[in-house]
Amino acid sequence: MKKILAILIIVIMIAFAGWYAFIYYASYSEGTRSGELIKFSNKGVLVKTWEGEISQGISGAQIFKFSVEDNKKEIIQKLEEYQGKYVKLKYKERFAKVTWLGDTKYFIIDVIEEKSPHFRKN
């Protein structure tokens, strides 16, 4: 009985490790989004995650929510610096959300400050 229980626990652990590796390393899609960075914060009670939003329209009707992994210190620093500015975000979309990584499936892998198309001088 103990042997069967041990084997069952090992199989469950291997299945979880495989699922996590697939979710973490495989990307569903990659792309870019541009907009005004309107929110960026470190939130959570038990697990703190970096979460943000960009507004992709003048009225704020289109909001893109994203997450940033804790180990991406350079990206976190840039996003804190670019608060309220127009940015272009390169992201990787994962197959599923993982609570301890972020609240969304969209994870930022690069950020660039851009000029706003709404306030161009011709």
Round to the nearest 0.05 the FRET efficiency obtained for M1 and S41 when R0 = 41 Å and r is the Cβ-Cβ distance. 0.25
Okay, helix-only estimate at 222 nm for the chain: each DSSP H run of n ≥ 4 adds -39500 (n - 2.57), divide by all residues, round to 500 deg cm²/dmol; what do you get? -9000 deg cm²/dmol
What does the convex hull of the alpha-carbon atoms of the chain project to on average, in nm²? 9.8 nm²
At 7 Å along the Cα-to-beta-carbon direction for both K90 and T32, put a label point, then send me their distance in nm to one decimal. 0.9 nm
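Tally Lys and Arg at +1 and Asp and Glu at -1 over the other residues with C-beta under 10 Å from the C-beta of I108: what net charge comes out? Kindly include the intermediate steps, with their values, before the conclusion.
Working: positive: R33, K72, K78, K90, K92; negative: E69, D110.
With Lys, Arg at +1 and Asp, Glu at -1, the net is +3.
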Counting only DSSP loop positions in segment 70-122, the GluC sites (Glu not before Pro) whose Cβ has at most 15 other Cβ atoms within 10 Å are E114
Can you give the relative contact order of segment 32-102 as a percent, counting alpha carbon pairs under 8 Å and 6+ residues apart? 39 percent
Let me know the Rg and Dmax you get for segment 1-68 when you use only its Cα atoms, in Å. 19.7, 64
Cα→Cβ-extended label distance, 7 Å offset, between I12 and Y24, nm: 2.0 nm
Output wanted: per-residue J couplings in Hz (rounded whole) for segment 42-52, from phi through Karplus 6.51 cos²θ - 1.76 cosθ + 1.60, θ = phi - 60°, x for Gly and Pro. 9, 10, x, 9, 7, 10, 7, 10, 8, 10, x
How would you rank 97-103, 50-56, highest first, on the average number of other Cβ atoms within 10 Å across their residues? 50-56, 97-103
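Just the accessible area per residue of the chain, please: how many Å² with a 1.4 Å probe? Intermediate results must be reported in sequence, preceding the final value.
Working: 8430 Å² over 122 residues.
In whole numbers, the chain has 69 Å² accessible per residue.
The values are calculated or read from the model by the stated rules, or taken from the named source; none is laboratory data. Because the structure is a prediction, the values reported are computed rather than measured. Neighbour counts run over all protein chains shown; Cβ positions are idealised from the backbone, glycine included. Note: areas computed on protein heavy atoms with side chains; ligands, DNA, RNA excluded. Shrake-Rupley method; radii C 1.70, N 1.55, O 1.52, S 1.80 Å.
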